[in-house]
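Chemist: Pasting in a structure now, in structure tokens, and then I'll have a few things to ask.
Each value in this text was obtained by applying a stated rule to the coordinates, not by laboratory testing. Predicted, not measured: the structure shown is a model, and the values here were computed from it. For neighbour counting, all protein chains shown are included, and Cβ atoms are generated from backbone atoms with ideal geometry for every residue, glycine included.
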Amino acid sequence: MYTIFYALFFLQFLLNISYSSSLDTITPTQSIADGQTLVSSGQSFVLGFFSPGSSNNWYLGIWYKTTPDVLVWVTNRNNPLNDSYGALIIINNGNLLLETGNLIVGDRDSIINSNSEVYAWQSFDHPTDTFLAGMKIGWNFKTGIEQHLTSWKCEDDPSAGNFTFRMVLKGRPQLFISNKLTAAIKFRSGPGNGVRFSGSPNILAFPVFKPYLVSNEDEVYYSFRPNQNAVITRLKVNPSGLTDRLILYNKSTAWSTMYTQPYEPCDYYGYCGANGICRINRDPLCECLQGFNPWSEEEWNVLNYSSGCVRKTPLDCRSGDGFVKLDGVKFPDFLEFWSNKSMRLEECEEVCLRNCSCAAYANFDIEKGSGCMIWFGDLIDVRELRVNDSVEDIYLRLPASEIKSILVAKRKRRLRTILTVSIVTSTICILILVMLWWKFWKAKRKVVKGLQESDKEDVELPLFDLATIASATNNFSPQCMIGAGGFGSVYKGTLITGQEIAVKRLSKNSGQGFTEFRNEVELIAKLQHRNLVSLSGCCIQAQERMLIYEYMPNRSLDHFIFDNNRSRLMGWKKQFDIIMGIARGLLYLHIDSKLHIIHRDLKASNILLDINFNPKISDFGLARIFRDDEKETRTRIVVGTYGYMSPEYAIDGKFSVKSDVFSFGVLLLEIVSGKRNRRFNHPGHHHNLLGHVRQKKTE
């Protein structure tokens, strides 16, 4: 790495110069010494001398300007200076720090004007422990350069540590984390398919960056580029051998970890030993591949799987060996293999059968479904992939006796399944008929008669018994609780029919009494609109009062808009659609419905979001029905949530459709700003969010 570098740069001890440079380029007539820096044109990266932590050594490196404690590159990591009197001098051409964090040597004007990527030297060819956007991990066959990461020795020592993160081209390109001292492999990504590596996290879940794999006659490498301008991301291999994908939101100074590799036991190389498979949704995690048994039952019984598995019956080429398909697994490591890129899968099977040492085969090119890959000997580091990961199928070779046993077992399972399905189907049909009759009978009962507390107009609504709701919520388990407030708690439940529900269980000490409970039942049962929450029924038994709603998987609006990370991922278009949906719901309540309703408690926590983030107004316990000739009314008891109440309602008890419009305006400002009205703080004044906006409007 340093041969070319030191031909262009050299470090020498000079007197410390007191001024600080803010340029992105130095020429042969200039130098960089301690206290001076080179800053990229967009103010993202800084080049200069530093001394990490408690170390007395000095190094030349690059760091983020907004987070100067995050070093991304070190040049003299194994040749530190003993004090701060060092300087960087350029011999030929110019030295330019790009906005990508890449330090290059060449003529600045030529590079900028021609947008050329041909440099005399660049730091991206010699990464240290950090993988930046645009950097490459792989091989350049023309220059002979291999780009890979090497961890720091420790947090205070940037010299080359024990762990490397590099691409291996044996078989198909794969990424490995390895220990240099012991040559032990800690993690293997699995083969790349042109977009990602099979054993790596699904990048569709992380839309902030886009990885890509390039393979041609000149080079093979893995890189990534950012998908969102407001987000910075990097990959770092730390001294313990873990790689962290880190993310920094715009204007933030705190890095967050998106994921770590290896993360779970199945990520560790060969966790289940030879011919074992690691299944992430099983307990225990490890099991032997079909046709294999543990080499040591005693070790497996104490969860030590390193000895792996051996065949139950040896292969015999003359007795009709066959294959079983393993769905959705990471390919074994390419230790002993043979490949052909043009062969069809049927031909691949024939080649495997003719070779008595062949243990498994698969397509070479997963995306195109072509080519042939054959493994010999033991199969190492096989693991089950997650449901959303790309599908990789491998065909495992087994002796004829094992194939026959598997076929017999499949027939038995099929018969048991058919019998079980028949019994279950009959039982479900009977239960559905019973439940329909029960619901019909219960629906005929009156809510008021059930409570015997009121003789007001009755409302017909499906009633659930307490046992049904308790079973659906696992007896109101804390793990099923999805919300709580002064009224009581909300639980997620699943009925025997498979329908997901949200159960609002009113506390005995709740401020919401029978009047509010009945009010909500009456109103929601009569209202039907896509932007109003749907009430599936209620439960009235003993002293229990519960409302059964449709389940909203994305919880309430305040869960997103007041969280910086979630609100950014939601995006402005989705927020705008939510605003319009709330407005449509209010329009229906105020004008289009037959009842003309004032909600009186419109706020972020009462806006629920379904799986597609469609908003639904909820909690009608405080709502009031207006007659057609009513424009405004007054109450002696002011109820609702301070911060969302209109002034005339909070002070004089007057409310009308304008009260809801005022609450909607507060909610609109909260969505746009991501700030709570009542908790808003500003160093220059004591106003809440509304007062702050009014002051800005005046200014």
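Chemist: Within 14 Å, Cβ to Cβ, of K341, how many net charges do the neighbouring residues add up to if Lys/Arg are +1 and Asp/Glu are -1?
Modeler: Once positives and negatives cancel, what remains is 0.
Chemist: Go through W121, N275, P207 and say which Cα lies farthest out towards the positive end of the charge dipole of the chain; charges sit on Cβ, +1 for Lys and Arg, -1 for Asp and Glu.
Modeler: It is P207, whose Cα lies furthest towards the positive end.
Chemist: For the chain, what mean projected area does the convex hull of the alpha carbons give, in nm²?
Modeler: The number I arrive at for the chain is 42.7 nm².
Chemist: Show the residues, 5+ positions off or on another chain, whose built amide H is closer than 5 Å to the amide H of N162.
Modeler: Sorted by chain and number, the residues that satisfy this come to none at all.
Chemist: Taking Cα centroids, how far is the stretch 285-337 from the stretch 141-160 in Å?
Modeler: Taking the Cα centre of the stretch 141-160 as reference, the centre of the stretch 285-337 is 36 Å away.
Chemist: Shifting gears a bit: Taking the Cα centre of the chain as origin, work out the dipole magnitude from +1 charges on Lys and Arg Cβ and -1 charges on Asp and Glu Cβ, in debye rounded to 20.
Modeler: It works out to roughly 2340 debye.
Chemist: Using Cβ counts within 10 Å as a stand-in for footprinting exposure, how do T468, T233 rank, fewest first?
Modeler: Sorted ascending by nearby Cβ count, the order is T468, T233.
Chemist: I want the local charge near R245. Using Cβ-Cβ distances under 9 Å, sum +1 for each Lys or Arg and -1 for each Asp or Glu among the other residues.
Modeler: +1
Chemist: So, one more: For the stretch 393-407, what does the Karplus curve 6.51 cos²θ - 1.76 cosθ + 1.60, with θ = phi - 60°, yield as ³J(HN,Hα) per residue in whole Hz, taken in order and with x for Gly and Pro?
Modeler: Going residue by residue, I get 10, 10, 9, 8, 7, 9, x, 4, 4, 5, 4, 4, 4, 5, 5 Hz, with x marking Gly and Pro.
Chemist: From the convex hull of the Cα coordinates of the stretch 131-263, what is the mean projected area in square nanometres?
Modeler: 8.8
Chemist: Which of the trypsin sites (Lys or Arg not before Pro) across the stretch 628-699 are loop residues per DSSP, with 14 or fewer other Cβ within 10 Å?
Modeler: K631, R636, R678, R679
Chemist: Here's another thing I want to ask about it. Angle check, please: helix 514-526 long axis (alpha carbons) against the longest principal axis of the chain (alpha carbons), in degrees 0 to 90, nearest 10.
Modeler: 80
Chemist: If you don't mind, another one. Between the helical axis of 345-354 and the dominant principal axis of the chain, each derived from Cα atoms, what acute angle in degrees is found, rounded to the nearest 10?
Modeler: 60
Chemist: Each residue of the stretch 69-80 in turn: what ³J(HN,Hα) in whole Hz from Karplus with 6.51, -1.76, 1.60 and θ = phi - 60°, glycine and Pro shown as x?
Modeler: Rounded to whole hertz, the list is 7, 9, 7, 10, 7, 9, 8, 9, 4, 9, 9, x.
Chemist: Now a separate question. Among all the lysines, which ones have a C-alpha under 23 Å from K404's C-alpha, if same-chain residues fewer than 8 places away are not counted?
Modeler: Within reach: K312, K325, K412.
Chemist: Which pairs in the list K153/K330; K504/K675; K573/K675; K526/K603; K368/K410; K526/K658 are over 20 Å apart, alpha-carbon to alpha-carbon?
Modeler: Flagged as over cut-off: K153/K330; K504/K675; K526/K603; K368/K410; K526/K658.
Chemist: A further question follows. Give me D69, D393 ranked fewest to most by other Cβ atoms within 10 Å of their Cβ, as a rough exposure proxy.
Modeler: The order, fewest Cβ neighbours first, is D69, D393.
Chemist: Quick one: of the DSSP bridges fully inside the chain, what percent are antiparallel, nearest 5? Working shown, then result.
Modeler: Details: 127 of 131 bridges.
Restricted to the chain, the bridges split so that about 95 percent are antiparallel.
Chemist: Charges only on Cβ, +1 for Lys and Arg, -1 for Asp and Glu: so what's the dipole of the stretch 144-274 about the Cα centre, in debye to the nearest 20?
Modeler: For this selection, approximately 220 debye.
Chemist: A follow-up question, please. For every helix of n ≥ 4 consecutive DSSP H residues, a contribution of -39,500 (n - 2.57) applies; sum these over the chain, divide by its total residues, and give [θ] at 222 nm rounded to the nearest 500 deg cm²/dmol.
Modeler: Helices in the chain give a 222 nm mean residue ellipticity of -7000 deg cm²/dmol.
Chemist: Most exposed first by the Cβ proxy, i.e. fewest other Cβ within 10 Å, how do D283, D563 rank? Before the final figure, lay out each step's value.
Modeler: Working: D283 5, D563 13.
Neighbour counts put them in this order, fewest first: D283, D563.
Chemist: Continuing with this model, one more query. Nearest 10 degrees is fine. How inclined is helix 657-673 to the longest principal axis of the chain, computing both from alpha carbons?
Modeler: With both axes taken from Cα atoms, the answer is about 10 degrees.
Chemist: I've got another one for you. For the stretch 555-699, report the translational diffusion coefficient in µm²/s to the nearest whole number, using Stokes-Einstein at 25 °C, 0.890 mPa s, and a Kirkwood Rh over Cα pairs.
Modeler: Values: Rh = 16.1 Å.
For the chosen part, D equals 153 µm²/s.
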